[in-house]
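Trainee: Attaching a single structure in structure tokens format; questions to follow.
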Amino acid sequence: MIRVDASEQVRSFERLREKLKEGALRILDETAKNTAQWVKHTTKFKSRTGELLKSVRASRPSTFHRFVVAGAKHAGWVENGTRPHPIAAKNGKFLRFQQNGSWRYARRVMHPGTKPAHFMKEVADKMRPLFAQAMKRMIDAAVAGASW
């Protein structure tokens, strides 16, 4: 009879699994943090108050998920743009705006809409391949260092 004992290899696989999990979570955290920082330095739109960029943050809703969110009320309008829409003054007052260098007043105007800035999407598109490269390097290093 020949006896084959694979218990050491099984333990080695379990250690490798833990190293991969720890490495993946570390890379996930770093990627979310770096993505939020890149978004905060965007030049895709002109920030008037800084509120939108200050509202950008990375969040951790669960163990294996990270979100980068812009919490400002108008973030979606800047990211995705807006269609033409009416704007009406509240309580019967007037809207005040500058047009051709002079101040104008109106009770109601038609806003022409805005083009999308896609400042979040642009950074996400740049970060995806960097995340994949970091994961591949971590996996290659973990497998190379494993004892078989």
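Trainee: What lysines sit close enough to Lys136 to cross-link, taking a C-alpha to C-alpha distance under 25 Å and skipping anything fewer than 8 places away on the same chain?
Mentor: Counting by Cα, and skipping residues close in sequence, Lys136 has these lysines nearby: Lys19, Lys21, Lys33, Lys121, Lys126.
Trainee: Subtract the Cα-Cα distance of Asp140 and Ala106 from 0.36 nm times their separation in residues, and report this length gain in nm to one decimal.
Mentor: 5.8 nm
Trainee: Hey, which aspartates and glutamates would be in cross-link range of Lys115, C-alpha to C-alpha under 12 Å, not counting anything within fewer than 8 residues on its own chain?
Mentor: Glu79
Trainee: For an R0 of 25 angstrom, estimate the FRET efficiency from the Cβ-Cβ distance between Ala89 and Lys46 and round to the nearest 0.05.
Mentor: Efficiency, rounded to the nearest 0.05: 0.50.
Trainee: So for the chain, averaging the separation of alpha carbon pairs under 8 Å that are six or more residues apart and normalising by length, what relative contact order in percent results?
Mentor: 27
Trainee: Ok, one more. For helix 7-40, what angle does its Cα long axis make with the longest principal axis of the chain, in degrees from 0 to 90 and rounded to 10?
Mentor: Compared with the principal axis, the helix lies near 20 degrees.
Trainee: Given a 1.4 Å probe, how much area per residue of the range 1-80 is accessible, in Å²?
Mentor: Normalised by residue count, the accessible surface of the range 1-80 is 76 Å².
Trainee: With a 1.4 Å probe and every protein chain left in place, tell me how much accessible area Glu14 has, in Å² to the nearest 10.
Mentor: Surface open to solvent at Glu14 totals about 110 Å².
Trainee: Not counting ligands, DNA or RNA, and with a 1.4 Å probe, what is Glu18's accessible surface area in Å² rounded to the nearest 10?
Mentor: Number for this one is 80 Å².
Trainee: Provide the solvent-accessible area of Thr63, counting protein heavy atoms only and rolling a 1.4 Å probe, rounded to the nearest 10 Å².
Mentor: 70
Trainee: Rank these residues by their accessible area, most exposed first, probe 1.4 Å: Ser55, Ser47.
Mentor: Final ranking, largest accessible area leading: Ser47, Ser55.
Trainee: Shifting gears a bit: Report the local net charge at Phe64: Lys and Arg +1, Asp and Glu -1, summed over other residues whose C-beta lies under 15 Å from its C-beta.
Mentor: +1
The values are calculated or read from the model by the stated rules, or taken from the named source; none is laboratory data. Predicted model, so just to flag it, every value in this text is computed and none were measured. Note: ideal-geometry Cβ built from the backbone for every residue, glycine included; neighbour counts use all protein chains shown. To get the accessible areas, we keep the full protein, side chains included, count just its heavy atoms, and leave off ligands, DNA and RNA. Shrake-Rupley method; radii C 1.70, N 1.55, O 1.52, S 1.80 Å.
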